[in-house]
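Colleague: Below is one structure. I have some questions about it.
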Amino acid sequence: MIHTWLSPAKINLFLYVTSIRKDGYHNIQTLFQFLNYGDTLKIIANKTGCIQLFSEKKNLLNVKNSIIIAANLLKEKALFDGKLLNPNYGAKIILKKKIPTGSGLGGGSSNAATTLIVLNKLWNTEYTLKELALFSLKIGADVPGFITGKTAIIEGIGDILSPVIQQEKWYLVVYPYIHISTRKMFSSPFLKSDTPKKSIPELLTLPFSNDFENIAKKKFIKIKKLISMLSSYAPSRMTGTGSCVFSEFNNKRSAEKIFSLLPKNMKGFIAKSVNISPLHKTLYKKKYIYI
């Protein structure tokens, strides 16, 4: 079996916060689509009993890394459920990082989901994707979306997924070298948590927007200027809770043309959106069916 896997980035084509629950979590509605761009994980299962993570980004090598959390979560649950008969299962994981942290592209969540999906195969724990998605909420609200592997409208706290088919387009994604904490964005006093909840047909036909964009523009003038500049060329907005800004194009050539006009010190990339996660296409090697 191939040992190196793409851990894809995502963009939120829209993101709305509709209410705050009694437990303090926010209910959202978002359209979640994958990009054919991301980190790579080399995952080698072994019987050492240890989860080892290696990366050139030394600051990522700690127990709070979502990869380590995901691997340990799967191992603990599988031992409890009797799907692993001894604690000697382990893995050596090598991370090559391309998705910036705090960028709104879902790098940490994608890494966690890739780890769960691949180790579930390598350790033969045989959880369904639906089961993996359910307990992955303990790691983060975006993780189930990556595990499901299809473009979807995601609601609630990330636990309600409705797969949809969205036109695959080309995107210029620009990173302004700003790390934004998701936790801080959700706790911002400027966040309006009462965007009216809409039906799926309404969500897909009304103009798309992001409830966190105005907060980011108030706090970071660089993001405000970036959105303004890119919007003069193509529809542009922030993804997730920031800080990356994406511009939408119908073809790669148009995206490349605008990219060439940007200042040379800007970090960015061009990628195509896809309705099925590149990880799932590779792993299952057949038309992916929602489980």
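Colleague: Pull up segment 267-291, narrow it to residues that are in a loop (DSSP other than H, G, I, E, B) and at pLDDT 95 or above, then point me to the one that is surrounded by the fewest Cβ atoms within 10 Å (Cβ to Cβ).
Modeller: Residues of segment 267-291 in a loop (DSSP other than H, G, I, E, B): 275, 277, 285-291.
Applying the additional criterion that residues be at pLDDT 95 or above yields 275, 277.
Working: Asn275: 17, Ser277: 31.
Among those residues, the one meeting the criterion is Asn275.
Residue by residue, here is whether (1) more than 24 Å from Ala216 (Cα to Cα); (2) buried (at least 24 other Cβ atoms within 10 Å of the Cβ); (3) at pLDDT 95 or above holds:
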| residue | (1), (2), (3) |
| --- | --- |
| Lys96 | yes, no, yes |
| Tyr127 | yes, no, yes |
| Ile139 | yes, no, yes |
| Val143 | no, yes, yes |
| Gly149 | yes, yes, yes |
| Ala152 | yes, no, yes |
| Gly156 | no, no, yes |
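Colleague: May I pose another question? So, in segment 8-53, exactly how many residues are touching a residue at least 12 places away in the same chain (Cβ under 8 Å) and in a loop (DSSP other than H, G, I, E, B)?
Modeller: The number of residues fulfilling the criteria is 6.
Colleague: Also, I was wondering about something else. Please report, ordered by residue number, the helices (runs of 4 or more DSSP H) entirely within segment 54-162 with at least 3 residues that are closer than 24 Å to Cys244 by Cα and of a type in the set (A, V, I, L, M).
Modeller: Of the helices (runs of 4 or more DSSP H) lying wholly inside segment 54-162, none has at least 3 residues that are closer than 24 Å to Cys244 by Cα and of a type in the set (A, V, I, L, M).
Colleague: Could you say whether any residue in segment 179-192 is in contact with a helix residue (DSSP H, G or I) (Cβ under 7 Å, 6 or more places away or on another chain) and of a type in the set (Gly, Ala, Ser)?
Modeller: Taking segment 179-192 as the starting set, the residues that turn out to be in contact with a helix residue (DSSP H, G or I) (Cβ under 7 Å, 6 or more places away or on another chain) are 180, 185, 188, 190-191.
Now narrow it down to the ones that are of a type in the set (Gly, Ala, Ser): 188.
Taking every residue of segment 179-192 in turn, at least one turns out to be in contact with a helix residue (DSSP H, G or I) (Cβ under 7 Å, 6 or more places away or on another chain) and of a type in the set (Gly, Ala, Ser).
Colleague: In the set Phe190, Phe186, Phe135, which member is farther than 19 Å from Arg237 by Cβ and among the aromatic types (Phe, Trp, Tyr)? Give the derivation first.
Modeller: On the way: Phe190 fails: farther than 19 Å from Arg237 by Cβ; Phe186 fails: farther than 19 Å from Arg237 by Cβ.
So the residue among Phe190, Phe186, Phe135 that is farther than 19 Å from Arg237 by Cβ and among the aromatic types (Phe, Trp, Tyr) is Phe135.
Colleague: State all residues of segment 29-53 that are touching a helix residue (DSSP H, G or I) at 6+ places or on another chain (Cβ under 8 Å) and within 30 Å of Ser247 (Cα to Cα); if no residue qualifies, say none.
Modeller: If the condition is that a residue be touching a helix residue (DSSP H, G or I) at 6+ places or on another chain (Cβ under 8 Å) and within 30 Å of Ser247 (Cα to Cα), then Gln29, Leu31, Phe32, Phe34, Asn36, Gly38, Asp39, Leu41 are the ones that fit.
The values are calculated or read from the model by the stated rules, or taken from the named source; none is laboratory data. Nothing here was measured: the structure is a model prediction, and the numbers come from that model. Every residue, glycine among them, receives a Cβ derived from its backbone with ideal geometry; neighbour counts consider all protein chains shown.
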